[in-house]
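A quick write-up on the structure given underneath.
The values are calculated or read from the model by the stated rules, or taken from the named source; none is laboratory data. Values in this document were obtained by computation on a predicted structure and should not be read as measured data. Heads up, the Cβs are rebuilt from the backbone with ideal geometry, glycines too, and the neighbour counts pull from every protein chain shown.
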Amino acid sequence: MENSPKNYSEPENSRVVFSSARIQEGVTKLARRIKDDLKNTAGHEKDLTFIVLLKGGARFAFDLISRYGGKYYYDFVGVASYGDKTCSGGRLEFYHYGLNKELVDRRVIVLLDDICDSGLTFKLVSERIKSDFKPLVVKTCSLIWRVNQNFCPDFYAFKVKGDYYFIGYGLGIGEEYRYLDDILAIDKQGARHVVPM
């Protein structure tokens, strides 16, 4: 377990899973991995658009694309599946969807989100983009992948297992705790079974 300076308010029954330093190291490696992988994708150098899934993915996304080291564009989609809860409602609400056609058609798209649980968000956003536009390809990227057999993002920095909720580094409960620099975990049952892999 990694320790974090207590200069902010943390909820009870939480612990640091990924320190700020470890997050930044993981994001830097992930940016390199994406760049290397996309070398084999036609048009990637001049036609790459990162689409940031708000709100949780914003902080991660800007750290990632600042380390990408190549030409890119970016746009935003606002989606919500958690609301103020610690478990997904199983449906997705689009509260901002105004993508610029010029940044999506005939481009390599990489969707950026904070965490991939079931893959539902990535699947539904990807389907809607493919229905409304003509991208060359849509790839998925998350900071954290909660390992499951149904969906694996194309890129991720960390994989975890266990039934708990993350806060910090853009992840929150409603609007709370997004400001924390570390990523902490709160077990949904009050226990502390957090297993980074």
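Output the residue which, of all residues in segment 21-73 that are of a type in the set (Asp, Glu) and within 18 Å of Glu102 (Cα to Cα), is surrounded by the fewest Cβ atoms within 10 Å (Cβ to Cβ).
Glu45
Restricting the first residue to segment 52-79 and requiring it to be in contact (Cβ under 8 Å) with a residue 24 or more places away in the chain, which pairs with a second residue that is assigned to a loop (DSSP other than H, G, I, E, B) and among the acidic types (Asp, Glu) meet a Cβ separation below 7 Å and a spacing of at least six or different chains?
Gly70/Glu45; Lys71/Glu45
Do we find that Gly26 is over 18 Å from Tyr165 (Cα atoms) and at pLDDT below 95 in this structure?
So Gly26 fails the test.
Consider Gly70 against the criteria (1) under 22 Å from Phe122 (Cβ atoms); (2) out of contact with any Asp or Glu (no Cβ under 6 Å at 6 or more places or on another chain): it satisfies all of them except one. Which criterion is unmet?
Result: Gly70 fails condition (1) only.
With the condition being closer than 28 Å to Asn40 by Cα and under 16 Å from the mean Cα position of the chain (by Cα), I'd like the strands (runs of 3 or more DSSP E) fully within segment 91-197 carrying at least 2 qualifying residues.
Result: 108-116, 137-146, 155-161.
I'd like the full set of residues that are at pLDDT below 85 and either part of a helix (DSSP H, G or I) or over 27 Å from Asp163 (Cβ atoms) (or both), limited to segment 1-23.
Pro5, Asn7
Might you check whether a residue that is under 27 Å from Arg22 (Cα atoms) and at pLDDT 95 or above occurs anywhere in segment 84-103?
no
Taking the condition of being over 18 Å from Ser118 (Cβ atoms), in contact with a strand residue (DSSP E or B) (Cβ under 8 Å, 6 or more places away or on another chain), modelled with pLDDT under 85 and not β-branched (Val, Ile, Thr), how many residues in segment 141-197 meet it?
The qualifying residues number 4.
Do you know which residues across segment 101-117 are under 15 Å from Gly56 (Cβ atoms) and free of Cβ contacts under 8 Å to residues at least 40 places away in the same chain?
Across segment 101-117, the qualifying residue is only Asp117.
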